[in-house]
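Novice: Would you mind keeping the following structure in view while I ask a few things?
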Amino acid sequence: MIIAVGSKNPVKINAVREALEILNLKYDIIAVEVDSGVGSQPFCDETYVGARNRAINAMRNTNADISIGIEGGICYVYNRFIANAVVYVITKEGIENFAISASFTLPKSIVSLVLQGKELGEASDIVFNVNNSKMREGAIGLLTRVIDSKEIIRSTYNNGTLSSL
């Protein structure tokens, strides 16, 4: 089975790989950089649109059996900003499904930078004085230092991937 992932982000690719291994599927992953069709920092519904567009564009650019788009975004809910991810799956037959990861609240220091136009990853890097965290532990890993970031990422992206398949 050929699986196309609409991103070259190693965190997203590894999450898909681990989810497929849990399902005990034989697969080859093709990672393709595709346009999400939304801004660099999606808000609310744009997160769904971006994930779907990534899956559609990954399917169009490959001969995959299944394409997967993962998009992280933030949304204003109950007087606070939360971050989560949408995992969108499309089969070559045109069947579509999606799932949403767990959400977590963002601190005001990060939200302030995002509202000034920074992407969540860039805002997290500034607040925590690190570089390119979105390709590693991401905001959730930086914010929950007491928990193994690999486990957090696994539960964030893998569960979304498993639920959408």
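The values are calculated or read from the model by the stated rules, or taken from the named source; none is laboratory data. Note that the coordinates shown come from a computational prediction; the quantities given were computed from them, not determined experimentally. FYI the Cβ positions are ideal-geometry reconstructions off the backbone, even for glycines, and counts take in every protein chain you see.
Novice: Scan segment 28-48 for residues that are surrounded by fewer than 16 Cβ atoms within 10 Å (Cβ to Cβ), without any contact (Cβ under 8 Å) to a residue 60 or more places away in the chain and not hydrophobic (A, V, I, L, M, F, W, C) and report the count.
Specialist: 6
Novice: For residues that are aliphatic (A, V, I, L, M) and in a helix (DSSP H, G or I), scanning just segment 1-36, find the one that is modelled with the lowest pLDDT.
Specialist: Only one residue fits best here, namely 11.
Novice: State all residues of segment 114-136 that are out of contact with any helix residue (DSSP H, G or I) (no Cβ under 6 Å at 6 or more places or on another chain), more than 17 Å from residue 12 (Cβ to Cβ) and acidic (Asp, Glu); if no residue qualifies, say none.
Specialist: 122, the sole residue that qualifies.
Novice: Would you confirm whether any residue within segment 62-79 is surrounded by fewer than 23 Cβ atoms within 10 Å (Cβ to Cβ), touching a helix residue (DSSP H, G or I) at 6+ places or on another chain (Cβ under 6 Å) and closer than 19 Å to residue 141 by Cβ?
Specialist: No: zero hits.
Novice: Within segment 80-93, which residues are buried (at least 23 other Cβ atoms within 10 Å of the Cβ) and either over 22 Å from residue 124 (Cβ atoms) or in contact with a Pro (Cβ under 6 Å, 6 or more places away or on another chain) (or both)?
Specialist: Within segment 80-93, 88, 89, 90 qualify.
Novice: Across segment 94-124, which residue is surrounded by the most Cβ atoms within 10 Å (Cβ to Cβ) among those that are assigned to a strand (DSSP E or B) and not acidic (Asp, Glu)?
Specialist: The extreme case among them is 98.
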